[in-house]
Amino acid sequence: MRGTLSDRTGAALLMAPLLLFLILAYAWPFLGVVKWSFTLPTPGLGQYHALLTDELVQSVFIRTLRIAAIVTVVSVTAAYAITVVWVRGSPVQRVLAEFCILVPFWISVLTRAFGWVALLSNRGLVNTWLQSIGFISEPLTLVRNEFGVIVGMSHFLIPFAVFPLASAMRSLDERVLLAARGLGSSRMRTFWTVFVPMTRSGIIGSALITFVFSLGFFVTPAILGGGRSVMIAELIYLRIFQSPDWGLGAAISVVLVVFVGALMALLFRYVKPKQLV
Amino acid sequence: MQQPGRAAEIKANGIGKSFGSFRALDNLTLDIGRGEFLTLLGPSGSGKTTFLMILAGFVQPSEGRLFSDGVDITNRPAEQRAAGMVFQGYALFPHMSVEQNIAFPLKVRKKSAAEIKSRVGEMIERVGLKGHEKKLPAQLSGGQQQRVALARALVFEPGVLLLDEPFSALDKSLRGQMQAEMKRLHQETGTTFVFVTHDQSEALALSSRVAIFNHGKLLQVGKPDEVYDRPANRFVAEFLGEINMLPVKGVRPADNGATGLCEDRAVNMRCKAEAIKGDAILAIRPEDMSIAPEASANQNGIAATAVASTYLGAATKLDLTTRQGARVTVSVPNEVAAAALSKGNSVWLTWPAEKGFLLPDGGQ
Ligand SMILES: Nc1ncnc2c1ncn2[C@@H]1O[C@H](COP(=O)(O)OP(=O)(O)OP(=O)(O)O)[C@@H](O)[C@H]1O
Ligand SMILES: [Mg+2]
């Protein structure tokens, strides 16, 4: 008991500088943002009232939630397939899957966004190829719209969605799957009725992480959305840096942080932090 | 519920299994009779689980063929073999209630909702889980989880039930209770049971036959009393319980069995000496030896010195050393042990001729 206590004190001491840094770099400035939201341009709840009535703000909020939801479904589904191969595939498949998961981490988000533009634009690889095989006559609009944003964001988030799933799949008792097959269940049926439900905590963790990350995306939607599908982070940026509307920008930020905080609380109720890495 | 005729008859013919260069099972040939209760007994790593996995279809044998009711099932996938299996650690579906766990094999077989309901209800009653239908496995005690696993494996009336050390996680009294219940389920269902354990008393108490494994080899198969009283070799003799080993010299056939010299005294054995001649080992169970007041010419016996005693309640275990230095253990009534120790420790050990059996000299 004594050992764990002093271990904990030691860990706390080691963590202290980090905590101090986080407070100075994020919490303190954020308090300033909270203050602006109640004081600019005039003291009161005016900005929060505007937030509830401003149609532009509301449409951006709804779009953000919609995109985050779609990106979550796409990312978790793709990550699930990759993780199954990574955790349960043959040795060669495992190496390939691991490569697919790790490579995106080595390329910056900016590079990746421009990469997708090159692939998906009107004269990009995808459109030229589809035209050359005569599948389409006019180029498809794949970028500078919501579709492009969803593709780019999912691509970025899939590796993050993999880890909670991998941890759930690794802790699964192999014998339970054998038991299902021994009782007469086909591989397909065993996958859907036993394997997937048993990795439920991983799916929830993975979905919450993806969703929370999606809400704060800035670079990817700014580049791949081409100003036509503005998301909440970009809206905050526009309000604060390109118009004198600091109060409204601050109020949007506060709502976003509170919302994300609530989701994080939910996340930690379902998954232990160590399952996320 | 089940007609004994539906129980499967299994033949394993020259089954072998290698993991890389490691031989987990070697040339195993074994017939498992319809409706029998066969126990696979052996030390850890002897290949019991591997053989069970081959029977279930989860592991493919490297050589040999497997037949069920005369049909070759060697290449049949597990899901088509319809063998019930109870895993070590139970392997229940953690996200399903007791009821759903037991209904699973019936749902897979696309039985009607009404049939599922009645058969699951019947099974729950039979294994004594009434009132626990809606609980998840994590909310059950070890013994209750065990019952769910048994019910789930029996509800679809499999031709054979495979059990891999199902009681190893239970405490002793619960273990005894579950053993009795399993014996009852075997009688009621008439299904062929193949049961794995490394507890020899459990094996002897439950089975109609016992198969003893060591290092991937099947050493002996037989009824419990056969293997206990007439083990084929030294390993089996020692594995099934405590046993005394005395060297005998000059073994030769005699009237009614064999004769030889043990500690320079002539001893008689009832077993045949054809296979064993010359020097051998005479094996006698501790409970078959007794202490006599003095030597008697027409009875097997040797002199020994008592060195220690252990009081066991109903009897006393006496450790002795013979003149030539062999260690012997006997189990005798308490007052006999007390008398032996008080008489200057020198005693006379005897045993009936039919209780001693010969094993080849020098091990296996
Ligand atoms: N998949 C595998 N790969 C390599 N070796 C294996 C594999 N499965 C089993 N073995 C080896 O085969 C041998 C027999 O194993 P098995 O599990 O059948 O033993 P067991 O008799 O069931 O032992 P226990 O009583 O400890 O359960 C062991 O030495 C084990 O290490
Ligand atoms: Mg085993």
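The values are calculated or read from the model by the stated rules, or taken from the named source; none is laboratory data. This structure is a prediction, so every number in the text was calculated from the model and none was measured. Reconstructed Cβ throughout: ideal geometry from the backbone, glycine too, with neighbour counts over all protein chains shown. These accessible areas exclude ligands, DNA and RNA; they are computed on the full protein's heavy atoms, side chains included. Shrake-Rupley method; radii C 1.70, N 1.55, O 1.52, S 1.80 Å.
Things to note:
- Each label point was placed 7 Å from the Cα along the Cα-to-Cβ direction; for A:Leu263 and A:Val95 their separation is 3.8 nm.
- For chain B, the residue among B:Pro352, B:Phe67, B:Met96 whose Cα projects farthest onto the positive side of the dipole built from Cβ charges is B:Met96.
- Qualifying trypsin sites (Lys or Arg not before Pro) for segment A:199-277 [loop in DSSP, other Cβ within 10 Å: at most 14]: A:Arg228
- Calculated FRET value between A:Gln58 and A:Tyr270, using beta carbons and R₀ = 22 Å, to 0.05: 0.15
- Hydrodynamic radius of segment B:1-139 per Kirkwood, over alpha carbon pairs, in Å: 17.3
- Of the residues making up segment B:90-123, those losing 40 Å² or more of accessible area when the isolated chain is joined by the remaining protein chains, with a 1.4 Å probe, are B:Ala91, B:Phe93, B:His95, B:Phe104, B:Val108.
- Surface accessible to a 1.4 Å probe, B:Lys249 within the full protein complex, Å²: 120
- Selected from A:Thr39, A:Thr72, A:Thr199 as most flexible by GNM, with chain A as the system and alpha-carbon contacts under 10 Å: A:Thr39
- The calculated 222 nm mean residue ellipticity attributable to helices in the protein assembly as shown amounts to -14500 deg cm²/dmol, summing -39500 (n - 2.57) over DSSP H runs of n ≥ 4 and dividing by all residues.
- Around the Cα centre of segment A:149-241, unit charges on the Cβ atoms of Lys, Arg, Asp and Glu (plus for the first two, minus for the last two) sum to a dipole of about 260 debye.
- Under 5 Å, built H, 5+ apart or other chain: amide partners of B:Val86: B:Leu162, B:Leu163, B:Asp164
- Candidates A:Gly124, A:Gly134, A:Gly249, ranked by Gaussian network fluctuation over chain A, Cα under 10 Å, top entry: A:Gly134
- Summed buried accessible surface, chains B and A, 1.4 Å probe, nearest 100 Å²: 1700
- Segment B:94-203: projected area of the alpha-carbon convex hull, averaged over directions, in nm²: 6.9
- Most fluctuating residue given options A:Phe218, A:Phe156, A:Phe99, as computed from a GNM of chain A linking Cα atoms under 10 Å: A:Phe99
- Ligands, DNA and RNA excluded, the heavy atoms of B:Asp171 present near 90 Å² of accessible surface to a 1.4 Å solvent probe.
- Pairs beyond 32 Å (Cα-Cα), from B:Lys107/B:Lys183; B:Lys11/B:Lys134; B:Lys130/B:Lys172; B:Lys48/B:Lys111; B:Lys111/B:Lys134; B:Lys107/B:Lys130: B:Lys11/B:Lys134; B:Lys48/B:Lys111
- Axis angle, to the nearest 10 degrees, between helix B:142-154 and the longest C-alpha principal axis of chain B: 70 degrees.
- Between 0 and 90°, nearest 10: helix B:98-108 axis offset from chain B longest Cα axis: 70
- Backbone amide hydrogens, once placed in the peptide plane, bring B:Asn27 within less than 5 Å of B:Gly16, B:Lys17, excluding anything fewer than 5 places away on its chain.
- In chain B, the longest principal axis of the Cα atoms and the axis of helix B:113-126 are about 30 degrees apart.
- A straight Cα-to-Cα reach below 14 Å connects B:Lys17 with the aspartates and glutamates B:Asp26, B:Glu63, residues fewer than 8 places away in its own chain not being considered.
- Net dipole in debye of the protein assembly as shown [+1 Lys, Arg Cβ; -1 Asp, Glu Cβ; about Cα centre; nearest 20]: 1220
- nm² value of the averaged projected area, convex hull over the Cα atoms of the protein assembly as shown: 45.0
- Rounded Å value of the spacing that divides the Cα centres of segment A:192-269 and segment B:177-207: 59
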